[in-house]
1. Take L265 and tell me if it is among the hydrophobic types (A, V, I, L, M, F, W, C) and either modelled with pLDDT of 90 or more or surrounded by fewer than 21 Cβ atoms within 10 Å (Cβ to Cβ) (or both).
2. What's the number of the only condition in (1) touching a Phe, Trp or Tyr at 6+ places or on another chain (Cβ under 9 Å); (2) over 29 Å from K133 (Cα atoms) that A199 fails to meet?
3. For the structure I just gave you, tell me whether T208 is part of a loop (DSSP other than H, G, I, E, B) and polar (S, T, N, Q).
4. Tell me which residues, restricted to segment 436-448, are crowded, with 21+ Cβ neighbours inside 10 Å and touching a Lys or Arg at 6+ places or on another chain (Cβ under 8 Å).
5. Report, by residue number, each residue of segment 355-366 that is modelled with pLDDT under 80 and over 18 Å from K401 (Cα atoms).
6. One residue is enough: does segment 305-318 have a residue meeting the conditions in a loop (DSSP other than H, G, I, E, B), closer than 30 Å to L597 by Cβ and touching a residue at least 60 places away in the same chain (Cβ under 8 Å)?
7. Return yes when L96 is part of a helix (DSSP H, G or I) and either aliphatic (A, V, I, L, M) or under 48 Å from the mean Cα position of the chain (by Cα) (or both) and no when it is not.
Amino acid sequence: MTSVSVWGIAGVGKSALVRSIYYKEMLKIPKKNDDFVMFSWVDVPDRFNLKYLSQRLLLDFHSDDLQAQESAAIGIMEGQDPIQECCKILCQHRCLIVIDGLRLGHDWDSIKDAFLSDAQTTGSCIVVITNEKKTAEHVIRHLPGSKVLNVKGLQDYAADLLFTEVAPEHINGSTPEDMAQLSQLTIAKSGSLPKVIVALGRELGLATNMWHAFTILDNYTTLDSLRGLFSWMQSYFDACPDSLKPCIFYLSVFPTGQDIRRRRLVTRWIAEGYSRDRFGSTSGDWESSRDRYGSTADENGEKFFSDLTELSIIQQLTTNNVCQVNGFFHGYIISRPMEDNLVFTLEGCCKPNSQRTGQHLTIRSTWDRDNNVYESIDFTRLRSLTVFGRWESFLVSYKMKRLRVLDLEDTSGVTDEDLKKIVELVNRLKFLSLRGCRRISRLPDSMDGMRQLQTLDVRHTSIVMLPPAICKLAKLQYIHTGNTKPWYEGDGIVTIQSAVEKDWIRTPQQDIDDTPTILPPTSSEADNAGVEVPTGIGNLTVLHTLGVVDVRGAGGKALLEELKDGKLAQLHKLKVSGINRGNIHHFFSAISGHRHLDSLSVRLDDDVQHDINLPVPPPKTLRKLKLYGNVLNLPVWISKFHSLKCLDIEMTIITGEDLLPLEELVKRRILRRLCFKLQGDLQLTMPNHQSSNFQNLKIDCISKAKVTFGESKLVEVLKVKCSSGSDLGFSRLENLKSLKEVWLMGAYGDMLKQEVEQQLSKHPKKEKPVLQLVRPRCADDGY
């Protein structure tokens with residue numbers, strides 16, 4: 001006897017998926033020796049009862065034979081034990097049983113003890129459908145050959161196809177563009193759940209015009225057809241740990257469809273006090289049971305993020321570092337009463353309202369920035385302010401005395417003068433993010449007054465140096481600096497076009513007037529370019545994360561000495577640039593003795609193209625390494641990192657022999673992401689890769705090259721960037737068996753685009769890989 005557990009949130013289509021397979025098995029003709037011959041599907045009642053479940057199973061076993069079904073019903077009425085009758089059928093026939101709606105693990109234990117104890121039932125299979133991951137995992141425990149299947153929301157193309165099937169083809173007064181917008185909005189609000197898409201599509205069929213249709217979507221949380229799903233969601237939230245609930249409600253700070261970085265969420269939770277250090281105890285609660293010695297706030301925040309992903313409340317995108325809130329969950333969260341959800345939002349055109357108050361204010365880009373409305377708000381309880389879109393100087397006020405989180409990531413129009421005012425008015429912040437505020441070129445000296453600050457994020461600003469005042473902020477744990485933008489995104493907004501002709505904009509989303517007045521750095525200088533740090537940064541003894549730091553300047557040299565002296569003993573993540581022949585040995589000697597360093601990012605200067613013999617072993621705790629540059633005898637060098645679990649490499653390929661060192665890394669199963677920079681006239685053949693964690697391949701071509709792919713079941717995402725004047729060609733893309741997406745970026749030509757499209761159309765996967773077309777926004781490119 002084997003079992004298959006199918007789990008996922010309500011409305012995701014678990015039963016529909018299983019039912020299609022169930023009927024396919026039932027209708028098989030002719031039957032083979034190893035096919036199922038008896039079938040039964042039963043829905044678990046709200047109050048579990050094994051005897052009642054057995055009665056329903058027994059009757060459904062005979063559903064295609066009315067005489068046998070009538071005989072079984074009479075037997076039940078005359079006192080026959082339905083459990084024993086089901087056991088007889090299982091012993092005599094190969095049966096396929098579906099148990100839909102199982103809730104608790106101990107209910108499964110009752111079923112297993114009744115039906116699975118007899119060895120003669122090994123030819124049968126029980127499929128259990130549940131909303132709970134823990135129940136699904138409990139079902140397959142101690143059952144060899146059993147499997148767990150997690151059903152998630154539909155892909156965009158499938159969701160759009162379902163919407164077109166259930167929604168009206170045309171609404172009075174609508175245009176094709178209106179209907180396309182309606183489809184996108186419906187899919188976003190539904191969280192790609194089939195049940196919700198169907199319900200909303202049918203409701204839209206009642207719309208008399210487009211205004212009516214959008215009104216239906218704006219008020220979809222009140223629809224009778226979705227009442228059952230919202231009731232389930234209420235119980236779903238009630239079952240969540242109390243420690244997780246504030247994190248769930250906090251998600252409504254972000255708009256539907258907004259890309260959210262994982263670390264942005266985690267560090268905000270820490271600043272809000274939702275994620276705290278936990279100390280070991282003998283109690284049985286969630287926080288202490290997983291680590292008797294306790295855990296840090298950062299570790300707990302990461303655990304919360306993983307929990308929300310497993311609950312399908314947040315959905316991770318193509319990278320583990322970016323997520324979105326499930327649209328349907330988002331709608332449910334914001335529909336909760338204010339006493340549960342303390343987030344309030346300004347969007348569109350608002351009227352002054354003195355009753356508007358709460359702990360977390362989020363300002364959408366659609367809000368008209370009416371100062372009169374803002375002045376009417378009670379800020380006495382405000383703990384966080386998040387701004388999307390345009391900044392206005394009146395958005396920060398001396399009334400915000402309890403403000404602890406100010407998040408201005410990608411907010412346009414923020415200047416050095418605005419920052420100086422912010423520091424003066426709200427100097428008790430624990431979290432300050434200026435990420436993507438390009439006009440910010442320096443931090444004010446008055447920063448030394450922000451003694452409560454824990455997180456400072458100034459990535460993608462014009463800041464190239466941190467002031468000495470930063471060294472007085474003794475509570476700083478996270479300093480994010482420099483330009484760590486992925487190599488394929490360029491310096492401005494990019495437009496991405498998928499193979500189904502849909503356009504959207506990637507972050508950072510900034511107004512044109514936010515472009516820095518200085519000339520942007522070249523591509524090689526911009527990627528992971530670090531900032532200079534002042535002497536004395538070793539005073540920040542609780543620092544957890546630091547980087548990107550350029551170690552070539554005086555402050556960088558002082559940092560290496562402070563690292564060597566053990567002053568930053570709590571450092572877990574470090575990102576550095578400017579590593580060269582003159583300082584590489586000094587750098588690795590400085591970090592060798594660090595007992596907590598888990599993640600390291602190193603950018604080597606171009607002159608480091610020789611064998612590197614480390615004078616001391618790397619930190620024993622190091623698990624993640626990002627290496628940008630070229631090192632000969634790479635496997636020998638990497639082999640000294642004994643605890644390494646994840647390796648991300650960016651290297652230049654000049655000849656085919658440069659690929660050979662990677663073979664050993666692939667075999668060690670530590671290579672996760674790889675970026676090639678192709679130089680010279682190359683005929684390159686990618687070797688076969690059949691067993692590794694290697695899933696993400698990037699190719700940056702600045703020359704003429706022809707790349708032929710060997711067989712691989714690993715690569716899921718291929719990203720290609722072409723420089724002006726390059727000539728790149730591909731062959732045998734069909735060898736990438738697991739390929740899901742191909743991104744073409746930069747100055748690629750029509751010939752390459754057509755070549756890739758042709759090969760993807762012949763890919764053996766039934767669901768063909770998607771082609772994404774990406775171009776940077778420049779002053780003269782028309783985007």
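The values are calculated or read from the model by the stated rules, or taken from the named source; none is laboratory data. Every value quoted in this text rests on a predicted model; they were computed, and no experiment measured them. Reconstructed Cβ throughout: ideal geometry from the backbone, glycine too, with neighbour counts over all protein chains shown.
1. yes
2. Failing condition for A199: (2).
3. yes
4. G436
5. Hit for segment 355-366 is Q355, nothing else.
6. Scanning segment 305-318, I find at least one residue that is in a loop (DSSP other than H, G, I, E, B), closer than 30 Å to L597 by Cβ and touching a residue at least 60 places away in the same chain (Cβ under 8 Å), so the answer is yes.
7. no
Okay, residues lined up against (1) under 44 Å from the mean Cα position of the chain (by Cα); (2) at pLDDT 85 or above; (3) outside the structural domain of T309 (by TED's automatic domain parsing); (4) surrounded by 15 or more Cβ atoms within 10 Å (Cβ to Cβ):
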position: W7; (1), (2), (3), (4): yes, yes, yes, yes
position: K24; (1), (2), (3), (4): yes, yes, yes, no
position: P82; (1), (2), (3), (4): no, yes, yes, yes
position: E85; (1), (2), (3), (4): no, yes, yes, yes
position: Q92; (1), (2), (3), (4): no, yes, yes, no
position: D107; (1), (2), (3), (4): yes, yes, yes, yes
position: K112; (1), (2), (3), (4): yes, yes, yes, yes
